[in-house]
1. Condition test on SER51, is it near the ligand (Cβ under 8 Å from one of its atoms), open to solvent by 10 Å² or more (accessible area, probe 1.4 Å) and either in contact (Cβ under 8 Å) with a residue 60 or more places away in the chain or within 17 Å of VAL21 (Cβ to Cβ) (or both)?
2. State yes or no: is THR117 away from the ligand (no atom under 14 Å from the Cβ) and polar (S, T, N, Q)?
3. Would you be able to say whether some residue in segment 186-203 is within 13 Å of the ligand (Cβ to nearest atom), in a strand (DSSP E or B) and out of contact with any Lys or Arg (no Cβ under 6 Å at 6 or more places or on another chain)?
4. Considering every residue within segment 7-25, establish whether at least one is open to solvent by less than 20 Å² (accessible area, probe 1.4 Å), modelled with pLDDT of 95 or more, under 30 Å from ARG181 (Cα atoms) and assigned to a loop (DSSP other than H, G, I, E, B).
5. Which one is nearest to PRO275 (Cα to Cα) among residues in segment 334-367 that are in contact with a strand residue (DSSP E or B) (Cβ under 6 Å, 6 or more places away or on another chain) and open to solvent by 30 Å² or more (accessible area, probe 1.4 Å)?
6. Can we say ALA249 is out of contact with any Leu (no Cβ under 6 Å at 6 or more places or on another chain), open to solvent by less than 50 Å² (accessible area, probe 1.4 Å) and within 30 Å of GLY108 (Cβ to Cβ)?
7. Which one of these is touching a helix residue (DSSP H, G or I) at 6+ places or on another chain (Cβ under 9 Å), more than 22 Å from ALA426 (Cβ to Cβ) and either in contact (Cβ under 8 Å) with a residue 24 or more places away in the chain or within 7 Å of the ligand (Cβ to nearest atom) (or both): LEU132, LEU168?
8. Just name the residue that is nearest to ILE345 (Cα to Cα) out of those in segment 398-439 that are touching a Pro at 6+ places or on another chain (Cβ under 8 Å) and hydrophobic (A, V, I, L, M, F, W, C).
Amino acid sequence: MLPDATETVSALGQICGARHVFSEAAELAPFLSEPRRRFHRSALAAVAPGSVAEVQAIAAWANEKGVALVPQGGNTGLVGGQVPFTGGEVIVSLRRLKTIRVLDADAGTLIAEAGVTLHDAQSAADAAGQLLPLSLASEGSAQIGGVLSTNAGGVQVLAYGTARALCLGVKAVLADGRLYRGLSTLRKDNTGYDLKDLLVGAEGTLGIITAAALRLFPRPEARETAIVNVASPAGALTLFRLMRDRAGATLTAFELMPRLGVEIQLRHGMIGRDPTPSPSPWHALIEVSRPQGGRQGVLLEALEVALGAGMVSDAVVAPSEAARREFWALREQMSECQSREGASIKHDVSVPLAAVPRLIEEGTAAAARAVPGIRPVPFGHMGDGNIHFNFSQPVGADGEAFMAGAEVVHDAVHAVVARLGGSISAEHGIGQLKTGLLR
Ligand SMILES: Cc1cc2nc3c(=O)[nH]c(=O)nc-3n(C[C@H](O)[C@H](O)[C@H](O)COP(=O)(O)OP(=O)(O)OC[C@H]3O[C@@H](n4cnc5c(N)ncnc54)[C@H](O)[C@@H]3O)c2cc1C
């Protein structure tokens, strides 16, 4: 028989100490609510182990008793993988495993425990003159174990790859409490199957990551950042090709943003002014990271060519770090701003790069057929073929009624994605939200 809450709390308390076990409603609440507030189930308890041995003991106990465990990192996941599925689980928070153990600047490697926040890992790398290039708007809370378990992407995948590409090794506790000792910093190791690549992106289904070895890169000397006006997603794609040809591996970001997202932010005071002097139906945010001793002005030169060829109608290069941050704030607020205008239906999809314009065109048309007046706000990592294909409710519509029809919009968009050979989850994972879609 499955243990009840009292027995569970007692067993976990013996492993971790009673003060690291949470079962009262108020102390459990933060572990149960997730950023999009779609999944609301209770749990037998939450527990925050303080060592790998404690994680192992929890897993061994749960395995023996038949209790399901849900690993939780920073609880920023957007598909509900980090909160209970049935209400009968124990949440295992990794937040106490937060030591950066080794940073080797010469080798360009960092070993961190799973509960280290991405921001803290980035800061440690920076202090050593290195770059940990994984970068997400949630990096202040998201943890190393979480970003690896979701194989997170973010804004620099174009140049450095997803979390998987940055991971050299992991240590993980398996479901029965055994330890997978794969915390290698080797760049080359062809001794058979690479099990870390199964654990990365597994969303906690194959084990609990307790530590990881990550790749670091030389820190760029400077970043050149611009927001440009383009007529269409197809125009953005042409510009992307030009940028990639001219900047090569130093092109670290190429993000697409629609006019509506800018207008919403202006309307609600989230930005003070239009990003460029003249309004445009689409913008691209482009960033080139100049290596130490690298040539200056690569971005500006490429934009001059683009302006001359009519690919771009206007462009502003950030004159300062403060301006650069403003550009990025505009991009990072694209999702959040939609909540200021009522309900929104979201998709995190990817297609082959050349198909991005068709995705946006055909997806917009399909959604408009399903819900007349629906307002598309597709934005995101154009350079990776990953669009956050979001839709705001029609002006004046009833938000609840709009959301009641979300499935129809999902089906319409995902049908286009499937037709174009894409993925229904580019970077957020499957979690609870997309289990049906996965099939
Ligand atoms: C504002 C915002 C912006 C975001 N931007 C991006 C983005 O640009 N790109 C992107 O890819 N994602 C983005 N995300 C979602 C992204 O998945 C998470 O931010 C991050 O990768 C999850 O890390 P976390 O520590 O919060 O994990 P959690 O949310 O706690 O967990 C996520 C999943 O990983 C599992 N898990 C967590 N820790 C472990 C562990 N130690 N071992 C095994 N399994 C574990 C959980 O069970 C769950 O299935 C964003 C989220 C927010 C809220």
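The values are calculated or read from the model by the stated rules, or taken from the named source; none is laboratory data. In this text, all values refer to a predicted model and were calculated from it rather than measured experimentally. Counting neighbours? That spans all protein chains shown, and the Cβs are built from the backbone with ideal geometry, glycine included. Areas reflect the complete protein model, heavy atoms only, side chains present, ligands, DNA and RNA absent. Shrake-Rupley method; radii C 1.70, N 1.55, O 1.52, S 1.80 Å.
1. no
2. Values: away from the ligand (no atom under 14 Å from the Cβ): no; polar (S, T, N, Q): yes.
No.
3. no
4. The answer is no, given that none of the residues of segment 7-25 is open to solvent by less than 20 Å² (accessible area, probe 1.4 Å), modelled with pLDDT of 95 or more, under 30 Å from ARG181 (Cα atoms) and assigned to a loop (DSSP other than H, G, I, E, B).
5. The extreme case among them is GLU341.
6. Numbers: out of contact with any Leu (no Cβ under 6 Å at 6 or more places or on another chain): yes; open to solvent by less than 50 Å² (accessible area, probe 1.4 Å): no; within 30 Å of GLY108 (Cβ to Cβ): yes.
No: the conditions fail for ALA249.
7. Details: LEU132 fails: more than 22 Å from ALA426 (Cβ to Cβ).
Just a single option satisfies the conditions, and that option is LEU168.
8. The first filter runs over segment 398-439 and keeps only residues touching a Pro at 6+ places or on another chain (Cβ under 8 Å), leaving 402, 420-422.
Okay, now just the ones that are also hydrophobic (A, V, I, L, M, F, W, C), so 402, 420.
Working: PHE402: 9, LEU420: 21 Å.
So the residue we want is PHE402.
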